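Q: Structure below; questions to follow.
The values are calculated or read from the model by the stated rules, or taken from the named source; none is laboratory data. All of these numbers come straight from a predicted model, not from anything done at the bench. Backbone-built Cβ (ideal geometry, glycine too); neighbour counts: all protein chains shown. Calculation scope for accessible area: heavy atoms of the full protein, side chains included, ligands and nucleic acids excluded. Shrake-Rupley method; radii C 1.70, N 1.55, O 1.52, S 1.80 Å.
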Amino acid sequence: MADSHAGSIADVLAIAAHRDDVEQTCGGTLVRMRSIGVRTAILDLTRGEAGTRGSAEERTAEAKAAAEILGVVWRDALDIPDGRVENTWENRLKIVEVLRRIRPRVVILPYGQGRHPDHYNSATLGYEACFLSGLAKIDTGAPPYRPFKIVYASLYADVRPSFVVDITPFIEDRHRALLAYRSQYGNQQQGTGLFVPEEEIRERTFSVARHYGLLAGVRYAEPFVQKEVGLVDDLTLIPVQSM
Ligand SMILES: [Zn+2]
């Protein structure tokens, strides 16, 4: 693991639009990081008040329960309106304040394309916040800080990943974290038709993880895109068999 930065609260910060986005797209990766001693954190940009099921208060309690299962050291939610995640100066500054407090080496953002505008807007908003966070002239009362690495969790997007993370030993933890959102995923009457029962959630999420696992010769995996090229020291240690 990279050396932790002075005063840093977590090494990896996952930022996403909605509560349970992180669980769905990179929850297994966060558990894996925790298992090797890397400190992880989650910033949800909205509080879920526009959801069909569950109040914002219920979802706060559910997000806390999920965070405990994932083993993150810190989780919070901004007050950006659900369904209106926009790349504004005000929103960028809210994220800058978090980045300068948490000081993560790695930031996980949503991938910049997809069906839901909140998701792709979060990608640009998060990227620009990471950039601004490093500028001393942006005064938030805390020292400037720029993360070393940004990776994009691409599970919601139909795009070929740059790499996948093997979550095989951790997929049950991820599933439990997802089911912590009882108001969304529990078997219940309200909203039937829009939402699928627990068994369907399990089959769907495990199938997607299996798909990405197969790409790399492991059982279950989560996909990521990075904009930079990979750097290799030793050709004999490159993983994933060619044939
Ligand atoms: Zn979402």
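Q: State to the nearest 20 debye the size of the charge dipole of the chain about its Cα centre, where the only charges are +1 on K and R beta carbons and -1 on D and E beta carbons.
A: The dipole of the chain has a size of about 340 debye.
Q: 5 Å is the cut-off here: which amide hydrogens, built 1.01 Å from N in the peptide plane, fall below it relative to ILE42, excluding neighbours closer than 5 in sequence?
A: The answer is ALA14, TRP74, ARG75, ASP76.
Q: Within the chain, what's the longest run with no trypsin sites (Lys or Arg not before Pro) in a DSSP loop and at most 15 other beta-carbon atoms within 10 Å? Give the range, please.
A: Values: sites that count: ARG84, ARG115, LYS137, ARG219, LYS227.
Between the exposed loop sites, the longest stretch runs 1-83.
Q: Once the principal axes of the Cα atoms of segment 59-138 are found, what is the range along each, listed largest first in whole angstroms?
A: 37, 30, 21
Q: Enumerate the amide H contacts of ARG19 below 5 Å, restricted to partners 5 or more residues apart or on another chain; note that Pro and chain-start residues carry no placed amide H.
A: Those lying under 5 Å, H to H, from ARG19 are THR46, GLY48.
Q: In Å², and per residue, what accessible area does the chain have when probed at 1.4 Å with the other protein chains present?
A: Averaged over the residues of the chain, the accessible area is 51 Å².
Q: Also: Using 0.36 nm times the number of residues separating LYS227 and VAL73, minus their current alpha carbon distance, what extension gain do you get?
A: My answer for the length gained is 52.7 nm.
Q: A further question on this structure: How large a share of the accessible area of segment 94-243, in percent, is made up of carbon and sulfur atoms when the probe is 1.4 Å and the other protein chains stay in place? Please report the intermediate quantities before stating the final value.
A: On the way: 4670 of 8590 Å².
Accessible surface attributable to carbon and sulfur in segment 94-243 totals 54 percent.
Q: Where does the chain land at 222 nm, in deg cm²/dmol rounded to the nearest 500, when only DSSP H runs of n ≥ 4 count, each adding -39500 (n - 2.57), divided by all residues?
A: -12000 deg cm²/dmol
Q: Quote to one decimal, in nm, the extra length available between LYS149 and PHE163 on full extension: 0.36 nm per residue of separation minus the C-alpha distance between them.
A: 3.6 nm
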